[in-house]
1. Quick check on Met198: is it away from ligand 2 (no atom under 14 Å from the Cβ), open to solvent by 20 Å² or more (accessible area, probe 1.4 Å) and either at pLDDT below 95 or farther than 25 Å from Met432 by Cβ (or both)?
2. Can you find a residue that is under 21 Å from the mean Cα position of the chain (by Cα), away from ligand 3 (no atom under 16 Å from the Cβ) and either touching a residue at least 60 places away in the same chain (Cβ under 8 Å) or not in a loop (DSSP other than H, G, I, E, B) (or both) anywhere in the range 333-344?
3. Please tell me if Val281 is more than 16 Å from ligand 2 (Cβ to nearest atom), touching a strand residue (DSSP E or B) at 6+ places or on another chain (Cβ under 8 Å), open to solvent by less than 10 Å² (accessible area, probe 1.4 Å) and farther than 21 Å from Gly412 by Cα.
4. Restricting attention to the range 374-387, and to residues there that are open to solvent by 10 Å² or more (accessible area, probe 1.4 Å) and touching a residue at least 24 places away in the same chain (Cβ under 8 Å), which single residue is nearest to ligand 1 (Cβ to nearest atom)?
5. Return a yes/no flag: does the range 180-187 have any residue that is small (Gly, Ala, Ser) and in contact with an Asp or Glu (Cβ under 6 Å, 6 or more places away or on another chain).
6. Tally the residues that are farther than 16 Å from Lys178 by Cβ, away from ligand 2 (no atom under 15 Å from the Cβ) and of a type in the set (A, V, I, L, M), restricting the search to the range 210-262.
7. Taking only the range 88-109 into account, find how many residues are open to solvent by less than 40 Å² (accessible area, probe 1.4 Å), in a helix (DSSP H, G or I) and farther than 25 Å from Ser138 by Cα.
8. Which of (1) open to solvent by 60 Å² or more (accessible area, probe 1.4 Å); (2) modelled with pLDDT of 95 or more does Tyr81 not meet, given it meets every other one?
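The values are calculated or read from the model by the stated rules, or taken from the named source; none is laboratory data. Fair warning: this is a prediction, and the values are worked out from it, not measured in the lab. Neighbour counts run over all protein chains shown; Cβ positions are idealised from the backbone, glycine included. SASA here: full protein model, heavy atoms, side chains in, ligands and nucleic acids out. Shrake-Rupley method; radii C 1.70, N 1.55, O 1.52, S 1.80 Å.
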Amino acid sequence: MRKQLKDFIEQIGKDAVAIIPAAHEQTRSYDTEFKFHQDPDFYYLTGFPEPDAIAVINPSNKKHPFTLFVRPRDPLMETWYGRREGTEGAKKNYGADKALPIEKFESELPKLLNGAEKLYYRFGVDTKLDQMILQYLSGQRFRRLKTAYPPHTIVDPTIILGEMRLHKTPEEVELMQKAGDIAAEAHVLAMQACKPGMNESQIEALIEHHFRMSGASGAAYNSIIGGGDNATILHYVENNAPLKDGDLLLIDAGCEYKGYASDITRTFPVNGRFTKPQREVYDVVLEVQIECIEATKKGNTVKQRQDLSIELLTEGMKKLGLLKGKTKDLIKKKEFMKYYMHGVGHYLGLDVHDAGRYFTEQQAKNSRPFAPGMVLTVEPGLYIPPDDKSAPSKYRGIGIRIEDDVLVTEEGNVNLTSKVTKDADEIEELMMKSLN
Ligand code: GLY
Ligand code: MN
Ligand code: MN
């Protein structure tokens, strides 16, 4: 049995049953679908890649602790829509102790839940399944519990799964390193290829081409390829503007490799040379990013790192003449948010904004201490709107973010995305070399 599933079984305990559904295909338009993406919790526990499946996990069922309901084999459907593992494949290739066609789930439900004290199930994601489960529970209530012993406590598995997913195993780290390497290579290729007159779309194509050529399933999120002012829009995804001589280009792009995401941002000059004002802002962000990587280690908390990024960037904004006043006051009045309006980083894993709590007790926002096995991004940035009359004119329209993926270890941390440089001189050197 898969280690993750074994651990989960141990955590939910003998008196519980868990129902964990796979994702469904989503309509894109009329009769076409978006590219399928498996539900990360389901994938984490089962590794099963198909839609419309349900895992039922019952630790006290000695013979069948892990049942998978799957789409049955169907030659006609498979000719039209692709291969299916079917019940045999679910057992043989994914370790299910028992596998049944998904159509059987509703009629099996009373049997599956009878006798369990607790049901682990997340309401509010799969409405059809919610209805099935509610109908079963209300049916039992109607019978005054005379004929069955349905679960009386319903627990959301989000916390248990989040805690498990937050602490990566060595095997998961290996996949994340690979995702980091592929994305880092793609960013290097983008730096080498970028020239004035190209379009953002061409850089996007080049990056995502490398992802697919390298064994990644694709981008882990919509790539952000923002030239000039577009870099000041945090989630700019149009990626269709010409790249101009003298502008910066911000690329936030990461791939998904065997389910695991990387998330890298680099900002560099379209023509290979930073202007003086661009370099001034760049070096402020870079210095903060390096300090925040250093702070991503055991002994610090998520909040300490966030506060550090705010303090250092606020001081940087003062140095650049973007803000005036005492650092303490500028922070208290949240003046810094005019140019730095997002968090310094997030958990990374099967989701780009990964599972796991950011605090250890209620009210203590972001109080969580870093622990070995966590992977977090480090991504400070400064974004100066093009029409910001209060900013020195030389800085208007500059947007800079630098983002790496960092694994917390016993000794400190490992940067999983160090294969693409962020040093301004080294970027210039790399870009100059590819011009010749
Ligand atoms: N690319 C999404 C993020 O950086 O959080
Ligand atoms: Mn990013
Ligand atoms: Mn990120």
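1. Answer is no for this residue.
2. No.
3. yes
4. My answer is Glu379.
5. Yes, the range 180-187 contains a residue that is small (Gly, Ala, Ser) and in contact with an Asp or Glu (Cβ under 6 Å, 6 or more places away or on another chain).
6. 3
7. So the count comes out to 2.
8. Going through (1) open to solvent by 60 Å² or more (accessible area, probe 1.4 Å); (2) modelled with pLDDT of 95 or more one by one, Tyr81 breaks only (2).
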